[in-house]
Amino acid sequence: MVDRDLELDRNWFKLLNKLEKTIGKRQAGLNGVLFLIGVQELGRGAKAFSKEDKKDLMHIAICKVLSLSGFYELEGLDEEGWPHWKSTKKLPNINIAEQENLLKMHVIEYFEQEIGIRIH
């Protein structure tokens, strides 16, 4: 378990470093990276987003990365082009630290599979 956590931490910092080189600034942890994924998935580029939009972008990102393990499925886009997801299987009952690790693992997988950034 400790070895797996250490490997996750190493891969997470590798991802943050690669994103910093690509984007030109360090992301503010998991939330910052999830925001980037949400913007990417929305497909409208960088622009000013309202507080509500930012919350929705984070939700899009979480659903997208967890869809890689079948927890969510894309239902479609609304009239404004925002993706909507439906839950397809129950998330495990885990504590906050384990939830964060689950998201980090899926975020790394997202960048490897969807964006083509090699982490491992």
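The values are calculated or read from the model by the stated rules, or taken from the named source; none is laboratory data. No experiment lies behind these values; they were computed from the predicted model shown. Quick reminder, even Gly has a Cβ in these numbers, built from the backbone with ideal geometry, and neighbours come from all protein chains shown.
Worth a mention:
- The condition of being surrounded by 12 or more Cβ atoms within 10 Å (Cβ to Cβ), more than 25 Å from residue 14 (Cβ to Cβ) and modelled with pLDDT of 95 or more holds for only one of 72, 110, that being 72.
- Qualifying residue in segment 40-53 (condition: among the aromatic types (Phe, Trp, Tyr), touching a residue at least 40 places away in the same chain (Cβ under 8 Å) and either in contact with a His (Cβ under 9 Å, 6 or more places away or on another chain) or surrounded by 13 or more Cβ atoms within 10 Å (Cβ to Cβ) (or both)): no
- Just one of the numbered conditions (1) free of Cβ contacts under 8 Å to residues at least 12 places away in the same chain; (2) among the basic types (Lys, Arg); (3) part of a helix (DSSP H, G or I) is not true of residue 64: (1).
- Filter result for residue 96 (over 22 Å from residue 120 (Cα atoms), in contact with a Pro (Cβ under 6 Å, 6 or more places away or on another chain) and among the β-branched types (Val, Ile, Thr)): no
- Annotation: residue 3 fulfils all but one of (1) surrounded by 16 or more Cβ atoms within 10 Å (Cβ to Cβ); (2) at pLDDT below 95; the unmet one is (1).
- Residue tally, condition loosely packed, with under 15 Cβ neighbours inside 10 Å, within 25 Å of residue 52 (Cα to Cα) and β-branched (Val, Ile, Thr), over segment 89-107: 1
- Among the residues making up segment 17-29, a single one is buried (at least 16 other Cβ atoms within 10 Å of the Cβ) and either β-branched (Val, Ile, Thr) or part of a helix (DSSP H, G or I) (or both): 19.
- Answer residue from segment 70-120, given it is touching a residue at least 24 places away in the same chain (Cβ under 8 Å) and assigned to a loop (DSSP other than H, G, I, E, B) and is farthest from the chain's Cα centre (by Cα) among those: 81
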